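This report concerns only the one structure given below.
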Amino acid sequence: MKDRKFLEGIIVGMIFVIAIHMLIQFSIPAMLRITTTGRGFDRAATEKMNMIYSIIDTHFVDHFSIEDLERGMFMGLMYGLGDPYAAYLSAEEHEQFQERTSGVFVGIGAVVIGTEEGRVMIVSPFDGSPAAEAGIMAQDVVMAVDGVDTLNIDVYSVVAMLRGTPNTDVTITLFRESEDRTFDVIVTRALITVPTVSSRMLEEDIGYIRLSGFEQVTYDQFKDALDELQNKGAQSFIIDVRNNPGGLLDIVADIANLLVPEGIIVYTEDRYGNQSFLHSDANYLGLPIVVLVNGNSASASEVLAGAIMDHGVGTLVGEQTFGKATVQRIFGLPDDSAVKFTIARYFTPNGASIHSYGITPHYIIEMEPTYTARIASLDIDEDVQLLKAVEVISTLR
């Protein structure tokens, strides 16, 4: 009799445990139930995630959205990589990213980048954009958008906050280190066609081309500017990538192909040691080149500067570059969202890794931060780096 009661007790206990487990499992939305295979999360992580949801669902004082929890979970997954360039993009953010790289979008008209302090910094407002007209400058730090603190919010989420519909206002709280002040600006969003290239003739038949980014529209804009200046009699070129945060690797490779002789433009190396090379052909400009760089010249800008330097076809003038030598890739997901993270590191043609260090120019010419912030609008007599570039290129002709 005792044995029978003991056995019945075990059976009842097992039924109770199974019932509780099924209750937890089926009370949790499918998207929040983590299933694992292969090298994925182990059973303990799965059970912990489900338990956390059950506790939230039972005790959280306010209403919450399942969609917000899912988004937060995906963002946290990418944050856990420790990669400052990793991000989860919702379907809307993914679309906005594709718009930006295409060169047409609705927003304030500024390039931004994440900082190690968990903030988002303005790298360069586009010439004539709403951001530029509102007085926003390079190196301004975005502290809040419409009153929402941006600390530890990923770059693409902050960009999504800055985006919107044309002719709507957004209030941006900025910190300007050069003036040691925090202030608000109201910017009216607009349809932005990214002007990534500007050009003009300088004295002594010198062509000047400034690139503010490397987007899908940039190669055609650069090629048109190059051809136009040559038709006007340019015999040498100053290429300005100051305050240029980078962009698409294939676009900068296409541009470099116009400027450097046959050989390696850049190569990448993935986690397994696999290397991939981008090469230039034998057709190139063959005229004297000076490249202007500074601390805000990053990524694709450094690819271009490194290729020109290593091939010995140009001279670099300015300040140490930013030092971002990593390649990111977007992986689309079935619901049109995406994840982005670093998949490789890149090296200059001579095999130099410039990550976290940057490229040292041949001529180091420092500039006051207030001038650096408004390079696009400086008069030539204010721009000591450009004046040095003109001096250097005159000796190369």
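The values are calculated or read from the model by the stated rules, or taken from the named source; none is laboratory data. Not measured: the values here are computed from a predicted model. We place every Cβ from the backbone using ideal geometry, glycine too, and count neighbours over all the protein chains shown.
Need pairs with beta-carbon distance below 7 Å; first residue buried (at least 20 other Cβ atoms within 10 Å of the Cβ) and within segment 118-133, second in a strand (DSSP E or B) and of a type in the set (S, T, N, Q); sequence gap 6+ or separate chains.
Matching pairs, first to second residue: Pro130/Thr188.
Has segment 356-374 got at least one residue that is of a type in the set (Val, Ile, Thr), in the same structural domain as Gln230 (by TED's automatic domain parsing), more than 24 Å from Tyr219 (Cα to Cα) and crowded, with 19+ Cβ neighbours inside 10 Å? Before you say what the answer is, go through the steps one by one.
The first filter runs over segment 356-374 and keeps only residues of a type in the set (Val, Ile, Thr), leaving 359-360, 364-365, 370, 372.
In the following step, the residues that additionally are in the same structural domain as Gln230 (by TED's automatic domain parsing) were identified as 359-360, 364-365, 370, 372.
Narrowing the set further to residues that are more than 24 Å from Tyr219 (Cα to Cα) leaves 360, 364-365, 370, 372.
Of the ones still in play, those that are also crowded, with 19+ Cβ neighbours inside 10 Å are 372.
There is at least one residue in segment 356-374 that is of a type in the set (Val, Ile, Thr), in the same structural domain as Gln230 (by TED's automatic domain parsing), more than 24 Å from Tyr219 (Cα to Cα) and crowded, with 19+ Cβ neighbours inside 10 Å.
Spot the failing condition for Thr348; the list is (1) within 24 Å of the chain's Cα centre (by Cα); (2) within 26 Å of Phe126 (Cα to Cα), and only one is missed.
The failed condition is (2).
When only residues in segment 102-149 that are over 15 Å from the mean Cα position of the chain (by Cα) and charged (D, E, K, R) count, which is nearest to Thr218 (Cα to Cα)?
Result: Asp127.
Can you tell me which of (1) assigned to a strand (DSSP E or B); (2) hydrophobic (A, V, I, L, M, F, W, C); (3) within 26 Å of Leu285 (Cα to Cα) is the one Phe222 doesn't meet?
In the conditions (1) assigned to a strand (DSSP E or B); (2) hydrophobic (A, V, I, L, M, F, W, C); (3) within 26 Å of Leu285 (Cα to Cα), Phe222 misses (1) alone.
Go through Val291, Val313, Val303 for me and flag whichever is surrounded by 22 or more Cβ atoms within 10 Å (Cβ to Cβ) and closer than 26 Å to Asn231 by Cβ.
Only one candidate passes the filter, namely Val291.
Looking at segment 46-81 only, could you name the residues that are assigned to a loop (DSSP other than H, G, I, E, B) and of a type in the set (A, V, I, L, M, F, W, C)?
Within segment 46-81, the subset assigned to a loop (DSSP other than H, G, I, E, B) is 60-65, 80-81.
Phe60, Val61, Phe64, Leu81 - these are the residues of segment 46-81 that are assigned to a loop (DSSP other than H, G, I, E, B) and of a type in the set (A, V, I, L, M, F, W, C).
Counting only residues that are among the aromatic types (Phe, Trp, Tyr) and more than 24 Å from Ala110 (Cβ to Cβ), which one in segment 342-380 is modelled with the lowest pLDDT? Show your work before the answer.
Keep residues of segment 342-380 that are among the aromatic types (Phe, Trp, Tyr), which gives 346-347, 357, 363, 371.
Then drop every residue that is not more than 24 Å from Ala110 (Cβ to Cβ), which leaves 346-347, 357, 363.
On the way: Tyr346: 96, Phe347: 97, Tyr357: 93, Tyr363: 98.
Among residues in segment 342-380 that are among the aromatic types (Phe, Trp, Tyr) and more than 24 Å from Ala110 (Cβ to Cβ), the one modelled with the lowest pLDDT is Tyr357.
Quick one: would you say Phe322 is out of contact with any strand residue (DSSP E or B) (no Cβ under 6 Å at 6 or more places or on another chain) and at pLDDT 95 or above? Spell out how you get there, then give the answer.
Numbers: out of contact with any strand residue (DSSP E or B) (no Cβ under 6 Å at 6 or more places or on another chain): yes; at pLDDT 95 or above: yes.
Considered against the rule, which asks whether it is out of contact with any strand residue (DSSP E or B) (no Cβ under 6 Å at 6 or more places or on another chain) and at pLDDT 95 or above, Phe322 comes out as yes.
Hey, does segment 127-144 have a residue that's under 20 Å from Gly246 (Cα atoms), touching a helix residue (DSSP H, G or I) at 6+ places or on another chain (Cβ under 7 Å) and at pLDDT 95 or above?
Scanning segment 127-144, I find at least one residue that is under 20 Å from Gly246 (Cα atoms), touching a helix residue (DSSP H, G or I) at 6+ places or on another chain (Cβ under 7 Å) and at pLDDT 95 or above, so the answer is yes.
Residues in segment 324-336: is at least one without any contact (Cβ under 8 Å) to a residue 40 or more places away in the chain, surrounded by 13 or more Cβ atoms within 10 Å (Cβ to Cβ), more than 19 Å from Arg210 (Cα to Cα) and touching a Gly at 6+ places or on another chain (Cβ under 6 Å)? Reasoning before the result, please.
Taking segment 324-336 as the starting set, the residues that turn out to be without any contact (Cβ under 8 Å) to a residue 40 or more places away in the chain are 325, 329, 331, 333-334.
This time we only want the ones that are surrounded by 13 or more Cβ atoms within 10 Å (Cβ to Cβ), so: 325, 333.
When the remaining residues are screened for being more than 19 Å from Arg210 (Cα to Cα), the result is 325, 333.
Still in the running and touching a Gly at 6+ places or on another chain (Cβ under 6 Å): none.
Within segment 324-336, not a single residue is without any contact (Cβ under 8 Å) to a residue 40 or more places away in the chain, surrounded by 13 or more Cβ atoms within 10 Å (Cβ to Cβ), more than 19 Å from Arg210 (Cα to Cα) and touching a Gly at 6+ places or on another chain (Cβ under 6 Å).
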